[in-house]
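Each remark here refers to the structure printed beneath this line.
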């Protein structure tokens, strides 16, 4: 029996991966113990998404396992062994800000949990393709030292810049920079995934996401930019922008577009590869631009407060250069722009809040 194992299966990327790969594998094993509700409160729980997978994906088998629990994970790996052909490791503590409040838990989940998954893969199914959801926070605040120009609604890299005008590529240094504790724990995991590929020859791919988004997101104040923004627009909840006049820019990649990148890598894997994975020049927006879109889609005027204090180490401008991945996998192209994604998020929230 062919098996795919997906951690964080109740989350945005994990659930999208379950649905996408369900037609490729006879069994999809999902691992998710709803730690998101521990990190961000009950309203951020992913239980609704797990229930939907159980009902809608016939091959899906759920396991309520903590990725820090090596013994429980090992039992699962031993049971399926070399039948496991794909691992998508999407479980994480995902918040830049929350990590400072829970440094031990953040590192144990992000770094130790990833090591557990890697080593058990090496021991029990070393030929499996291992895909890791990393983050652009591994670059720390290095992007803030690019030559940036302030425009009416956004910051933008100087148009005459010889290198980064298409976005930030994988050669930007991850050293000598302020990462946040979240960024540091993800650096540890990111480098370890690379090392298992390069040192042991395993088929590992590291995808450094920008803002990951889509209708399957359980958005919370500390994580899930577009999802939480749309929730606030619908419910008329006050929203605070932290710093940079609301002109900070994020690229946003739809969960289905990211999983399509995973699929391309799965079909032609490499060892120890690293790819920036965001919306790139195709899908990016500033906070102000996203708010205007949310107001137009919902018909509601948002209650927005602008704070002068930016989040520590936060990016002023981040757009991914996707050319490295496109060079290796020229058949992949992003499908979902910012407005289309926001409309999907709006429609999903309306269903869930009805």
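Within segment 42-60, can you find the residues that are touching a residue at least 60 places away in the same chain (Cβ under 8 Å) and in contact with a helix residue (DSSP H, G or I) (Cβ under 6 Å, 6 or more places away or on another chain)? Working first, answer last.
Taking segment 42-60 as the starting set, the residues that turn out to be touching a residue at least 60 places away in the same chain (Cβ under 8 Å) are 43-46, 48-49.
If the condition is that a residue be touching a residue at least 60 places away in the same chain (Cβ under 8 Å) and in contact with a helix residue (DSSP H, G or I) (Cβ under 6 Å, 6 or more places away or on another chain), then 44, 45, 46, 49 are the ones that fit.
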* To do: Please tell me if residue 115 is surrounded by 15 or more Cβ atoms within 10 Å (Cβ to Cβ), part of a helix (DSSP H, G or I) and under 24 Å from the mean Cα position of the chain (by Cα).
  => yes
* Structure fact -> Okay, strands (runs of 3 or more DSSP E) sitting entirely in segment 241-318 with 3 or more residues that are buried (at least 20 other Cβ atoms within 10 Å of the Cβ) and at pLDDT 95 or above, I get 249-254, 273-277, 284-286
* Structure fact -> Of the listed residues (187, 191), the one being out of contact with any helix residue (DSSP H, G or I) (no Cβ under 7 Å at 6 or more places or on another chain), part of a helix (DSSP H, G or I) and either at pLDDT 90 or above or closer than 23 Å to residue 86 by Cα (or both) is 191
* **Qualifying residue in segment 41-57 (condition: modelled with pLDDT of 95 or more, more than 22 Å from residue 209 (Cβ to Cβ) and in contact with a strand residue (DSSP E or B) (Cβ under 7 Å, 6 or more places away or on another chain))** => yes
* To do: Check segment 80-90 and report whether any residue there is modelled with pLDDT of 95 or more, in a loop (DSSP other than H, G, I, E, B) and within 22 Å of residue 228 (Cβ to Cβ).
  => yes
* When residue 102 is evaluated against the numbered criteria (1) over 26 Å from residue 269 (Cα atoms); (2) buried (at least 21 other Cβ atoms within 10 Å of the Cβ), which criterion, by number, is the only one it fails? -> (2)
* Single condition residue 335 does not satisfy, out of (1) touching a residue at least 60 places away in the same chain (Cβ under 8 Å); (2) within 19 Å of the chain's Cα centre (by Cα); (3) surrounded by 16 or more Cβ atoms within 10 Å (Cβ to Cβ) -> (3)
* Structure fact -> Inside segment 147-178, the number of residues satisfying the requirement of being in contact with a strand residue (DSSP E or B) (Cβ under 6 Å, 6 or more places away or on another chain), part of a loop (DSSP other than H, G, I, E, B) and at pLDDT 95 or above is 4
* Asked: So how many residues does segment 233-256 have that are within 28 Å of residue 18 (Cβ to Cβ) and in contact with a strand residue (DSSP E or B) (Cβ under 9 Å, 6 or more places away or on another chain)?
  -> 6
* Checking residue 94 against (1) at pLDDT below 95; (2) touching a helix residue (DSSP H, G or I) at 6+ places or on another chain (Cβ under 7 Å), which single condition isn't satisfied? -> (2)
* Members of segment 175-219 that are under 16 Å from the mean Cα position of the chain (by Cα) and closer than 13 Å to residue 140 by Cβ -> 182, 183, 184, 185, 186, 187, 190, 208
* Could you list, in sequence order, all residues of segment 154-178 that are touching a helix residue (DSSP H, G or I) at 6+ places or on another chain (Cβ under 6 Å) and over 26 Å from residue 282 (Cα atoms)? => 177
* Structure fact -> Output for Cβ contacts, cut-off 6 Å, separation at least six or different chains, first residue at positive phi in segment 160-172, second surrounded by 14 or more Cβ atoms within 10 Å (Cβ to Cβ) and part of a strand (DSSP E or B), reads 167/320
* Considering each residue of segment 143-171, count those that are surrounded by fewer than 19 Cβ atoms within 10 Å (Cβ to Cβ) and closer than 29 Å to residue 112 by Cβ, and give that number. => 2
* Asked: Looking at residue 140, is it farther than 21 Å from residue 92 by Cα, surrounded by 21 or more Cβ atoms within 10 Å (Cβ to Cβ) and under 19 Å from the mean Cα position of the chain (by Cα)?
  -> no
* Scan of segment 1-26 for residues that are touching a helix residue (DSSP H, G or I) at 6+ places or on another chain (Cβ under 8 Å), more than 18 Å from residue 349 (Cβ to Cβ) and not in a loop (DSSP other than H, G, I, E, B), ordered by number -> 3, 4, 5, 6, 7, 13, 17, 18, 19, 20, 21
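Condition check: touching a helix residue (DSSP H, G or I) at 6+ places or on another chain (Cβ under 6 Å), over 30 Å from residue 128 (Cα atoms) and touching a residue at least 12 places away in the same chain (Cβ under 8 Å). Does residue 300 satisfy that? Walk me through it before giving the result.
Details: touching a helix residue (DSSP H, G or I) at 6+ places or on another chain (Cβ under 6 Å): yes; over 30 Å from residue 128 (Cα atoms): yes; touching a residue at least 12 places away in the same chain (Cβ under 8 Å): yes.
It is true that residue 300 is touching a helix residue (DSSP H, G or I) at 6+ places or on another chain (Cβ under 6 Å), over 30 Å from residue 128 (Cα atoms) and touching a residue at least 12 places away in the same chain (Cβ under 8 Å).
The values are calculated or read from the model by the stated rules, or taken from the named source; none is laboratory data. Note that the structure is a prediction, hence the values are computed from the model and not measured. In this analysis, Cβ positions are derived from the backbone assuming ideal geometry, glycine residues included, and neighbour counts consider all displayed protein chains.
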